[in-house]
Amino acid sequence: MSAPEPTTRSDQNYRRSLGTISLTAVGLGSIIGSGWLFGAERAAKLAGPAATLAWVIGAAVALVIALTYSELGSMFPKAGGMVRYGQYSHGSLAGYLAAWANWIAIVSVIPGEATASVQYMSSWHFGWAKGLYDGTELTVSGVALASVLLIGYFVLNWFAISLFAKTNTAITVFKVVVPTITAGALLLSHFDTHNLQDHGGFAPNGWSAVFTAVATSGIVWAYNGFQSPLNLAGEARNPGKSLPKAVISSILIALVIYIALQLAFLLAVPSGDLANGWGSLSYKSPLADLALAWGLNWLAMLLYADAFISPSGTGMIYAATTSRMIHGVQENGHLPSIFGRIDRKTGIPRPALLLNLVIAFLFLAVFRGWGSLASIVSVATVISYITGPVAVMSLRRLAPDLPRPVKLRAMPVIAPVAMVFGSLVLYWAKWPLTGKVILLMAVGLPIWAWYELRKPWAVLKPHLLAGCWMVGYLLVMSAVSWAGSADFGGHGYLPEGWDLLIVAALGLAFYYWGVRSSWQNPSLAQVREELAAAPEAFEASEASEAAPVKSDEAKSAVG
């Protein structure tokens, strides 16, 4: 008799070894990546001193949406959780579109982090380093070096989740300390409050520029890291308690750090560099360049070192979480079974890891600059956000009996507000970028069609009907972006001010349509069975693993 196939459910072979500290480190480590190295300058170029408010708005959007996903993550503590929730509430079409958007948004971050490291390196005073970046994108040698970094991210994830957790906790401590030192040092070295008033005033390009900064300057990219603990839910020891704490804590800690960095950047820019306004800034390595401008050579060297560590830590985390997402997509029935295989010895989904490495190389070949990747990732991220608010209330309607370790009384208010916020950020990204990314969502449909259109019409029909709201949402939002006010890149058919009200109203309309479209589909029935069978096995594994894991986590926190 042959050995059994190693492809099993995601909650059977993953090791529940991550506690609240490790998960918070994962979330914070994902959020503090390349965004803090470039985001302050890009936001300032768009919004001037009002960029500080853009970080607050971005955090508010991420926090409201994260609350919806925290309930879902605690309900379904399965690997790659973010690609599953739409499938549970609406079936294959909406579930696949949500998973595709989510995966695109996350997997493209990995080459973005490698690009950020190499882009910062191009400011080194060596001839070979200056040849890595031409001012717009990486050169051939830059792409080659970024490729080496990509391989490094995946190698660290190849062996074991415990190695990943220990490495990431140490890296995250460094990633928090260095931005804090950077903000403090720049504020002490130069504190020119005239920068906040001169050169066009507090909001030189108007409030629309502040909103666009939220969507495209890397702010959404930065806060998107809150997803990482949810995608590792299958490896959480006590997901009901640790997931929401990790998600919310990581966003709030990052907000404080980002505001400090943005203020430090705004106040440290030499007035001569602002002769033509904030939009004229063109630093290669923004924070390091400012450090050198004010004689902080030690800080510049620290930033050059951290330009490897911060993005690499985030790239390593995303390499881990995207492999779990691919496993989740495979379990949804939209990828070959090989991508559901988990190595029994290490608990790592290695075929999924390899697939993501290939896709990361493709993104690196096409998008060679941090800015271009940040814009694409940010919009794809927002599209992936809309599933959470709809799914969380849909599942309250469909499955009120399922255990909810995290259940907020205010969720009936939070969910529609989250949908409105997500719709507004999508609109703020400006036409034609919104249209391009929405078109990118359609690129994945042939994969869905390959697996689904061969099914009998009676089986396929309810999936199509339940997914119409999401298809309609993407088409309508693209049309509204095209017709919107000139402030957001549109053709001016919608008057300024009214356009935002229309987008908010449409967000609410599609939210209620989406909730009412949910149905008792086979994926929901299957996960019900898994959850019903899980408690005894979970309690036994938790009891057997708790003691050694606590010891490991304590060691990783120290070292």
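The values are calculated or read from the model by the stated rules, or taken from the named source; none is laboratory data. Only a predicted model underlies this, so the values are computations on that prediction, with no experimental measurement involved. Positions of Cβ are backbone-derived with ideal geometry, glycine not excepted, and every protein chain shown enters the neighbour counts. Ligands, DNA and RNA are stripped out before the accessible areas are found, and what is left, the full protein with its side chains, is counted by its heavy atoms. Shrake-Rupley method; radii C 1.70, N 1.55, O 1.52, S 1.80 Å.
Taking one equal scatterer on every alpha-carbon of the chain, how large is log10 of I(q)/I(0) by Debye at q = 0.09, 0.13 1/Å?
These q points yield log10 I(q)/I(0) values of -0.63, -1.33.
On the Cα set of the stretch 239-279, report Rg and Dmax in Å, please.
For the stretch 239-279, the Cα radius of gyration and maximum Cα-Cα distance read 17.1, 53 Å.
Using only the Cα atoms of the stretch 31-136, what semi-axes does the equivalent ellipsoid have when each is the square root of 5 times a gyration tensor eigenvalue? Give whole Å, largest first.
One finds semi-axes of 35, 20, 11 Å for the stretch 31-136.
Give, in whole angstrom and from largest to smallest, the semi-axes √(5λ) of the equivalent ellipsoid of the stretch 184-281, with λ running over the eigenvalues of the Cα gyration tensor.
36, 16, 10
Using only C-alpha atoms and all pairs of different ones, pull out the Kirkwood radius for the stretch 367-503 in Å with one decimal.
The answer is 17.0 Å.
Give me the three principal axis extents of the stretch 319-366 from the C-alpha atoms, as integers in angstrom, largest value leading.
Principal-axis extents of the stretch 319-366 (Cα, largest first): 34, 24, 15 Å.
Run through every distinct alpha carbon pair of the stretch 439-531 and return the Kirkwood hydrodynamic radius in angstroms, one decimal place.
Radius from the Kirkwood sum: 15.7 Å.
How big is the charge dipole of the chain about its Cα centre, in debye rounded to the nearest 20, if each Lys and Arg gets +1 on its Cβ and each Asp and Glu gets -1 on its Cβ?
The dipole magnitude comes to about 1080 debye.
Note the full-extension length gain between ALA305 and ALA486 as 0.36 nm times their separation in residues minus their Cα-Cα distance, in nm to one decimal.
Length gained between ALA305 and ALA486: 61.0 nm.
What accessible area per residue comes out for the stretch 40-165, rounded to a whole number of Å², with a 1.4 Å probe?
24 Å²
Roughly speaking, to the nearest percent, how much of the stretch 203-272's 1.4 Å accessible area is carbon and sulfur?
Of the solvent-accessible surface of the stretch 203-272, carbon and sulfur hold 68 percent.
Could you pull out the pairs from LYS45/LYS436; LYS78/LYS407; LYS241/LYS345; LYS78/LYS175; LYS78/LYS241 whose alpha carbons sit more than 26 Å apart here?
In this structure, LYS241/LYS345; LYS78/LYS175 lie more than 26 Å apart at Cα.
Strictly greater than 12 Å: what percent of every Cα pair in the stretch 184-234 meets that?
Summing the P(r) tail past 12 Å for the stretch 184-234 gives 75 percent.
As an exercise, use a Förster radius of 22 Å and the Cβ-Cβ distance of LEU445 and VAL476 to find the FRET efficiency, rounded to the nearest 0.05.
0.80
List the residue ranges in the chain for DSSP H helices whose C-alpha atoms run 24 angstrom or more along the long axis and whose Kyte-Doolittle average is -1.0 or above.
Length and hydropathy pass: 51-75, 140-158, 161-189, 239-268, 297-331, 350-366, 411-428, 457-483, 498-517, 522-558.
At 7 Å along the Cα-to-beta-carbon direction for both ASP343 and SER372, put a label point, then send me their distance in nm to one decimal.
Roughly 3.4 nm, to one decimal.
Mind giving me the FRET efficiency for TYR493 and TRP513? R0 is 22 Å, r the Cβ-Cβ distance, nearest 0.05 is fine.
E(calc), rounded to 0.05, equals 0.40.
What Kirkwood Rh does the stretch 346-394 have if only Cα atoms enter the pairwise 1/r average? Answer in Å.
13.3 Å
Multiply the residue gap between LEU292 and ILE253 by 0.36 nm, knock off their C-alpha separation, and tell me the result in nm, one decimal place.
Taking LEU292 through ILE253 to full extension adds about 11.3 nm, to one decimal.
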